[in-house]
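The values are calculated or read from the model by the stated rules, or taken from the named source; none is laboratory data. Note that the coordinates shown come from a computational prediction; the quantities given were computed from them, not determined experimentally. Ideal geometry is used to build each Cβ from the backbone, glycine not excepted, and the neighbour counts take in all protein chains shown. The accessibility values were calculated without ligands, DNA or RNA, using every heavy atom of the protein model including side chains. Shrake-Rupley method; radii C 1.70, N 1.55, O 1.52, S 1.80 Å.
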Amino acid sequence: MLTNQSIGYMNVSVPENIDLAKAIDQLRKEKNAVILAHYYQTGDIQDIADFVGDSLALAQWAAKTKADVIVLCGVHFMGETAKILCPDKKVLVPDLNAGCSLADSCPATEFEKFVKAHPDHTVISYVNTTAAVKALTDVVVTSTNAKQIVESFPADEKIIFGPDRNLGNYINSITGRNMLLWDGACHVHEQFSLEKILLLKKQYPEAEVIAHPECKKVVLTVSDFIGSTAALLKHTIQSDKRQFIVATESGVIHEMRKKSPDKEFIPAPPNDSTCACNECNFMRLNTMQKLYNCLKFELPEIHVDESVQKKAVLPIQRMLELSEKLGL
């Protein structure tokens, strides 16, 4: 058995001919564990999870679960968020290597200098950040609630928004705010090809282009609907359209197809000509085998420094309180 910072997961062979779904379900019951999965996970992990959702939903579920063990199938900052909210629970992730390019684009030491250089600003941080960055933050937001939370502040409030410049620019454009933006981005949403989306639009003239606000402005400009992962899913369920060109991580298409099997979902391609869809390589590090071993051995475990946890929990709780107040 080997799990450490260089490996990041339980490097143990899974028994041959095992029914992983049944075995995971049995372990979940034995250990009073709850499996939370992000929409960007592979379909098999989404299907076995107790709850599937975007970052806001995962935080909400983590905050209220009665389970003894939380297994967060997503990326590292999501596991940290769950641990910050539930410091007395054991929080596991299948693979510690499942990081986030957006979180990595905002090192806490550099962000702290940026915040100190603008002491009269309220700090709003996207949930896609490390615990250390959250500890420097006044309120956390997700793409689901960012607009409403920003608008909950007075119109003349000076605001730092980080780390996603694309989401920040989008929020500025629809609220009329002039938030000071940290220069970070998500590698998945940055890579969508406008040219290829326009070619798909010609190929599927009746299709709606739907996009996540982390995409570049040029992609958002040609989109028919812009929203968080959960909002995109909801829109495809409610829309009368039968075809959708989806400009976000392609994992969510699994749930879209489950909810609307009579509709067609076309993944928007990235600039890389070898790819037909856009996947987060970090999200895809989690597998059913790693999930099984994670539950079996209760490793790898997420730890957050107590002093950081006490600071970071405040802006997350504020987000949850504002989201509840706003009906989100």
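Does any residue of the stretch 137-149 turn out to be open to solvent by 10 Å² or more (accessible area, probe 1.4 Å) and within 26 Å of Asp305 (Cα to Cα)? Steps first, answer last, please.
Within the stretch 137-149, the subset open to solvent by 10 Å² or more (accessible area, probe 1.4 Å) is 137-138, 143-144, 147-148.
Among the residues that remain, those that are also within 26 Å of Asp305 (Cα to Cα) are: 137-138.
For the stretch 137-149, residues open to solvent by 10 Å² or more (accessible area, probe 1.4 Å) and within 26 Å of Asp305 (Cα to Cα): present.
Which residue out of Ala59, Ala63, Ala23 is surrounded by fewer than 24 Cβ atoms within 10 Å (Cβ to Cβ), modelled with pLDDT under 95 and not in a loop (DSSP other than H, G, I, E, B)?
On the way: Ala59 fails: surrounded by fewer than 24 Cβ atoms within 10 Å (Cβ to Cβ); Ala23 fails: modelled with pLDDT under 95.
Every option except Ala63 fails the conditions.
Yes/no matrix, rows are residues, columns are (1) in a strand (DSSP E or B); (2) closer than 29 Å to Asp104 by Cα:
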{"residue": "Val188", "(1), (2)": "no, yes"}
{"residue": "Leu199", "(1), (2)": "no, no"}
{"residue": "Val209", "(1), (2)": "yes, yes"}
{"residue": "Thr236", "(1), (2)": "no, no"}
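For the stretch 240-268, filtered to residues that are touching a Cys at 6+ places or on another chain (Cβ under 6 Å) and closer than 15 Å to Cys186 by Cα, the residue that is surrounded by the fewest Cβ atoms within 10 Å (Cβ to Cβ) is Ser250. Filtering the stretch 172-195 to residues that are closer than 19 Å to Asp272 by Cβ and either over 25 Å from the mean Cα position of the chain (by Cα) or small (Gly, Ala, Ser) (or both) leaves Ala185, Ser193, Glu195. Within the stretch 211-234, if we keep just the residues that are without any contact (Cβ under 8 Å) to a residue 40 or more places away in the chain, open to solvent by less than 80 Å² (accessible area, probe 1.4 Å) and not in a helix (DSSP H, G or I), the residue that is farthest from Tyr40 (Cα to Cα) turns out to be Val222.
For the stretch 269-304, a tally of residues being over 20 Å from Gln60 (Cα atoms), touching a residue at least 12 places away in the same chain (Cβ under 8 Å) and part of a loop (DSSP other than H, G, I, E, B) returns 13. Looking across the stretch 66-82 at every residue that is in contact with a Leu (Cβ under 8 Å, 6 or more places away or on another chain), hydrophobic (A, V, I, L, M, F, W, C) and not in a strand (DSSP E or B), the one that is farthest from Thr129 (Cα to Cα) is identified as Ala82.
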